[in-house]
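Encoded as structure tokens, the structure appears first; notes follow it.
The values are calculated or read from the model by the stated rules, or taken from the named source; none is laboratory data. Computed from a prediction, not measured in an experiment: that's the story for all the values here. FYI the Cβ positions are ideal-geometry reconstructions off the backbone, even for glycines, and counts take in every protein chain you see.
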């Protein structure tokens with residue numbers, strides 16, 4: 001139900017949504033087929049899958065912006081998780097939209113500009129110092 005509401009919000013704000021996947025296998029299939037610029041991933045999926053498995057697959061083939069949206073942030077290992085940021089549930093639609101803007105900025109420049117939504121956590125350092133580390 002939350003995924004359906006999120007899809008409606010994103011489409012209403014000009015995003016193209018390639019699909020909703022409730023399992024790792026379905027998400028990987030969608031990712032291979034559509035090669036998305038961004039992915040919004042929950043941490044815990046049906047059949048015991050983890051969103052982190054999807055992130056690994058998506059970034060293996062191209063630089064995909066990864067935003068986790070989860071109520072299980074304590075289970076996300078920030079030291080090893082691939083992706084850009086995590087938005088903690090519950091969140092407002094405006095927080096999700098701003099978080100995707102921030103992820104797009106990270107993908108494009110390696111930096112993130114405020115304002116940051118309440119509940120947004122970066123998985124890796126962002127900013128000028130982080131940009132220098134990647135050069």
Checklist line | Residue check, residue 33 at negative phi, in a helix (DSSP H, G or I) and either without any contact (Cβ under 8 Å) to a residue 12 or more places away in the chain or surrounded by 15 or more Cβ atoms within 10 Å (Cβ to Cβ) (or both) | finding: no
Next item on the list: Could you tell me which residue of the range 1-20 is surrounded by the most Cβ atoms within 10 Å (Cβ to Cβ), considering only residues that are free of Cβ contacts under 8 Å to residues at least 24 places away in the same chain and touching a helix residue (DSSP H, G or I) at 6+ places or on another chain (Cβ under 6 Å)?
Entry: 17
Check: Which condition number in (1) in a helix (DSSP H, G or I); (2) in contact with a helix residue (DSSP H, G or I) (Cβ under 9 Å, 6 or more places away or on another chain); (3) at pLDDT 80 or above; (4) surrounded by fewer than 18 Cβ atoms within 10 Å (Cβ to Cβ) is the one that residue 96 fails?
Finding: (4)
Next item on the list: Please indicate, with yes or no, whether at least one residue in the range 66-76 is crowded, with 16+ Cβ neighbours inside 10 Å, part of a strand (DSSP E or B), under 12 Å from the mean Cα position of the chain (by Cα) and touching a residue at least 60 places away in the same chain (Cβ under 8 Å).
Entry: yes
Check: Looking at the range 45-65, which of its residues are part of a strand (DSSP E or B) and closer than 14 Å to residue 87 by Cα?
Finding: 65
Next item on the list: Look at residue 27 and say whether it is in contact with a strand residue (DSSP E or B) (Cβ under 6 Å, 6 or more places away or on another chain) and farther than 14 Å from residue 121 by Cα.
Entry: no
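What number of residues within the range 117-135 satisfy the criterion of being farther than 17 Å from residue 66 by Cβ, at pLDDT below 80 and exposed (fewer than 12 other Cβ atoms within 10 Å of the Cβ)? Break it down into steps so the answer makes sense when it comes.
Narrowing the range 117-135 to residues farther than 17 Å from residue 66 by Cβ: 118, 127-129, 131-133, 135.
Within this subset, residues satisfying the condition of being at pLDDT below 80 are 127-129, 131-133, 135.
Adding the requirement that they be exposed (fewer than 12 other Cβ atoms within 10 Å of the Cβ) leaves 128-129, 132-133, 135.
Number of matching residues: 5.
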Notebook entry, point to check: Can you pull out the residues in the range 1-27 that are more than 15 Å from the chain's Cα centre (by Cα), in a helix (DSSP H, G or I) and closer than 14 Å to residue 38 by Cα?
Noted result: 11
Check: Is the range 54-64 home to any residue that is surrounded by 13 or more Cβ atoms within 10 Å (Cβ to Cβ) and farther than 20 Å from residue 121 by Cβ?
Finding: yes
Item checked: Subset tally (residues that are without any contact (Cβ under 8 Å) to a residue 60 or more places away in the chain and either crowded, with 18+ Cβ neighbours inside 10 Å or in a strand (DSSP E or B) (or both)) for the range 99-116 -> 5
